[in-house]
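Notes follow once the structure below has been shown.
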Amino acid sequence: MTSGCHARFLVTFDDGPHPNTAAILMQLSHNPIQQNIKAMFFVQTRNPAGGNSSLGRSLLDRECAEGHVLGLHTGTAGHVSHTALSEHELDQSLRNGMDDIRVITRSETMFVRPPYWRFNPDTLTGYSRHGLHMLLSDVKAYDGIDWGLHVFRQWTFHLQLEGIRRRLLRRELPTVDGMIPIVVTFHDTNNYTAGHLSEYFDLLIAESDRVGLQLDSKPFYDCASDITLAALPRTVHPVEAIEAESQPAEVS
Ligand SMILES: [Zn+2]
């Protein structure tokens, strides 16, 4: 790295809440790497398999009570791409999701991550109408699909972190409060993730070391307000988003 700035991982989760979320929350609080890590959960508030059940609602409450940040993934009954919705349907789904999150957190969510990472100028305009900022990701665990193999996890983290190191050398990533936030994405719905989150954290640190990416002594964000401040400059602006639109969609 060319500067004295260190990087810090901003951990995010998609598709929950899910019965796995309880194990994830426990490992965020207690793990051998860093105690009381806080995350941003992009949640499905009206999906019966997500937040629209008594278990789902209790897990959303718990995420908030334990100091994590809630962002919106879907406000529909299913995991539906925003690009498949009419303008009216998208508005309604965003309104529903934001209303649901406000009931839990007593504040407006500022962040959205689209299902399947699919977006276009119309959905971006819709997000803007609701004051939502779209946060994508720097490092993906690719755990929307269960690949199973440790060597795959190691290899994919290595490649992505090497790419980040090069972006840092080109000074392409912003510094926030002296720290370079690196957004990492997992999925609540993946059983392996739920059972091995600490190992993922270990792997992120080991592979950062291998590629020469200098991490802070506190390698993961641990405060909701810091997460919000760190995430905002990493949200995608419409011009960047339209340029990225040609990239292939991924499972999320
Ligand atoms: Zn998703």
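The values are calculated or read from the model by the stated rules, or taken from the named source; none is laboratory data. Predicted, not measured: the structure shown is a model, and the values here were computed from it. Please note: Cβ atoms are built from the backbone with ideal geometry, for glycine as well, and neighbour counts cover all protein chains shown. The area values use the complete protein model at the heavy-atom level, side chains included, leaving out ligands, DNA and RNA. Shrake-Rupley method; radii C 1.70, N 1.55, O 1.52, S 1.80 Å.
Students often get this wrong: which residues of region 94-138 have the backbone nitrogen under 18 Å from the point 7 angstrom along Cα-to-C-beta of Leu159?
137-138
What are the extents of the Cα atoms of region 55-174 along their three principal axes, in Å, largest first?
Principal extents (Cα only, largest first): 40, 35, 27 Å.
Roughly how large, in nm² to one decimal, is the mean projection of the convex hull of the alpha-carbon atoms in the chain?
In nm², the orientation-averaged hull projection of the chain is 12.2.
Mind putting a number on the dipole of the chain about its Cα centre? Charges go on the C-beta only, +1 for Lys and Arg and -1 for Asp and Glu, and I need it in Debye to the nearest 20.
320 debye
5 Å is the cut-off here: which amide hydrogens, built 1.01 Å from N in the peptide plane, fall below it relative to His133, excluding neighbours closer than 5 in sequence?
So His133 has HN proximity to Phe111, Val112.
When the Karplus curve 6.51 cos²θ - 1.76 cosθ + 1.60 is applied with θ = phi - 60°, which whole-Hz ³J(HN,Hα) does each residue of region 162-169 get, with x for Gly and Pro?
Working through the residues one at a time gives 5, x, 5, 4, 5, 5, 5, 4 Hz.
On average, how much accessible surface per residue is there in the chain, in Å², for a 1.4 Å probe, leaving out ligands, DNA and RNA?
The answer is 44 Å² per residue.
Which of Val211, Asn52, Thr105 sits farthest toward the positive end of the charge dipole of the chain, with +1 on the Cβ of Lys and Arg and -1 on the Cβ of Asp and Glu?
Selected residue: Val211.
Compute the long axis of helix 191-211 from its Cα atoms, compare it with the longest principal axis of the Cα atoms of the chain, and write down the angle in degrees, 0 to 90, nearest 10.
Value to nearest ten degrees: 40.
Could you check how many percent of all C-alpha pairs in region 1-118 are farther apart than 22 Å?
35 percent
Taking the DSSP beta bridges in the chain as the whole, what percent of them are antiparallel, to the nearest 5?
5 percent
Give the ranking of Tyr192, Tyr221 by solvent-accessible surface, highest area first, calculated with a 1.4 Å probe.
Tyr192, Tyr221
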